[in-house]
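Comments concern the structure below.
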Amino acid sequence: MAIHQTAIISETAKIPSSCEIGPNAVIGENVVLGENVKVGAGAYLEFCEIGDDSIISPYAIIGTPPQDLGYKGEQTKVIMGKGCQIKEFVTINRASGEGTATVLGDRCFIMASAHIAHNCVLGDDVIMANLATIGGHCHVGKCAWLGGMSVYHQNCTIGEYTIVSGFSASRMDIPPYCKADGRPAVSHGINVVGLKRKGFTQEERTNLKNAYKILESCSMRQSDAADKIEAAYPNDKHVLRLAQFIRESKRGICFEQHVHKVHDDIEE
């Protein structure tokens, strides 16, 4: 175990001998580190579980109380998967509500100064670029890519394999497999490059492209639009996932015709 002599370690922390703790790092109350975790200089951790092989860069802050006026000191935590990289000055708050957690999947890459608020859930392989900020209770699907300085209202859902450009903002749900941009963010078709890199076949990409065309061209209710694309591609699991996402959305989806109609009337 390589723990710098200036590091401050709580008696309640559990740290395997394979971990490295840098100078002036603080490993506070109720911290559990996995194997081969590296914690950089000046980082501050409390009430969190960090998965194997994760890297916590200098001055990252993980597990501090949520920025929630309803929080009354109840026992909550952050749970982070394996192989995550948390860069400098990132803040990840623990959850609000007894026994709950803010959760990150495996191999998440959270770049400098990004913020993950209380009760958020991130899937595997999520990337958040510098200064990206997600409000409380947001859900981010696996392999989503959130651009630098982009911001997301509390309770939003960002679908899997989606890419959102830098400086975008959304109060609505962003469906899976798409690329989105703007303030407010609007979907602009499928994330072709990202889907290719993740091994989606030509047929799967074409089906998703056509499904998005159906959604973008129809003025019907979201649930009816979901039924229509589901009927068009009943055997494509990704199209069916898109339909499910649209049907389950509580904040509305970020297609252009929906954004301008619904954006100002969303219930906070």
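The values are calculated or read from the model by the stated rules, or taken from the named source; none is laboratory data. Computed from a prediction, not measured in an experiment: that's the story for all the values here. Here the Cβ positions follow ideal geometry from the backbone for every residue, glycine too, while neighbour counts run over all protein chains shown.
Per the listing 42, 34, 51, the residue uniquely free of Cβ contacts under 8 Å to residues at least 40 places away in the same chain and out of contact with any helix residue (DSSP H, G or I) (no Cβ under 9 Å at 6 or more places or on another chain) is 42.
Just wondering, is there one or more residues in region 156-163 that are part of a loop (DSSP other than H, G, I, E, B), touching a helix residue (DSSP H, G or I) at 6+ places or on another chain (Cβ under 9 Å) and on the phi > 0 side of the Ramachandran plot? Yes: region 156-163 contains one or more residues that are part of a loop (DSSP other than H, G, I, E, B), touching a helix residue (DSSP H, G or I) at 6+ places or on another chain (Cβ under 9 Å) and on the phi > 0 side of the Ramachandran plot. The set of residues in region 177-236 that are within 26 Å of residue 151 (Cα to Cα), among the basic types (Lys, Arg) and assigned to a loop (DSSP other than H, G, I, E, B) comprises 183, 198. The residue that is surrounded by the most Cβ atoms within 10 Å (Cβ to Cβ), among those in region 173-207 that are more than 14 Å from residue 237 (Cβ to Cβ), of a type in the set (Val, Ile, Thr) and without any contact (Cβ under 8 Å) to a residue 40 or more places away in the chain, is 190.
Restricting attention to region 68-81, the residues that are surrounded by 18 or more Cβ atoms within 10 Å (Cβ to Cβ) and either in contact with a His (Cβ under 8 Å, 6 or more places away or on another chain) or in a loop (DSSP other than H, G, I, E, B) (or both) total 2. Of everything listed in (1) over 19 Å from residue 222 (Cα atoms); (2) aliphatic (A, V, I, L, M); (3) touching a strand residue (DSSP E or B) at 6+ places or on another chain (Cβ under 7 Å), the single unmet condition for residue 193 is (3).
No other residue among 25, 95 is farther than 21 Å from residue 154 by Cβ, without any contact (Cβ under 8 Å) to a residue 60 or more places away in the chain and hydrophobic (A, V, I, L, M, F, W, C) apart from 25. Kindly check whether there is at least one residue in region 185-193 that is within 30 Å of residue 65 (Cβ to Cβ) and over 9 Å from the mean Cα position of the chain (by Cα). Yes, that holds for at least one residue. Counting residues in region 139-149 that are within 19 Å of residue 250 (Cα to Cα) and either in contact with a Lys or Arg (Cβ under 7 Å, 6 or more places away or on another chain) or assigned to a loop (DSSP other than H, G, I, E, B) (or both) gives one or more.
Yes/no matrix, rows are residues, columns are (1) touching a Lys or Arg at 6+ places or on another chain (Cβ under 8 Å); (2) at pLDDT 95 or above; (3) of a type outside the set (A, V, I, L, M):
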{"site": "5", "(1), (2), (3)": "no, yes, yes"}
{"site": "12", "(1), (2), (3)": "no, yes, yes"}
{"site": "17", "(1), (2), (3)": "no, yes, yes"}
{"site": "20", "(1), (2), (3)": "yes, yes, yes"}
{"site": "24", "(1), (2), (3)": "no, yes, yes"}
{"site": "39", "(1), (2), (3)": "no, yes, no"}
{"site": "44", "(1), (2), (3)": "no, yes, yes"}
{"site": "50", "(1), (2), (3)": "no, yes, no"}
{"site": "56", "(1), (2), (3)": "yes, yes, no"}
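The residue that is farthest from residue 246 (Cα to Cα), among those in region 164-176 that are of a type outside the set (Val, Ile, Thr) and outside any loop (DSSP other than H, G, I, E, B), is 169.
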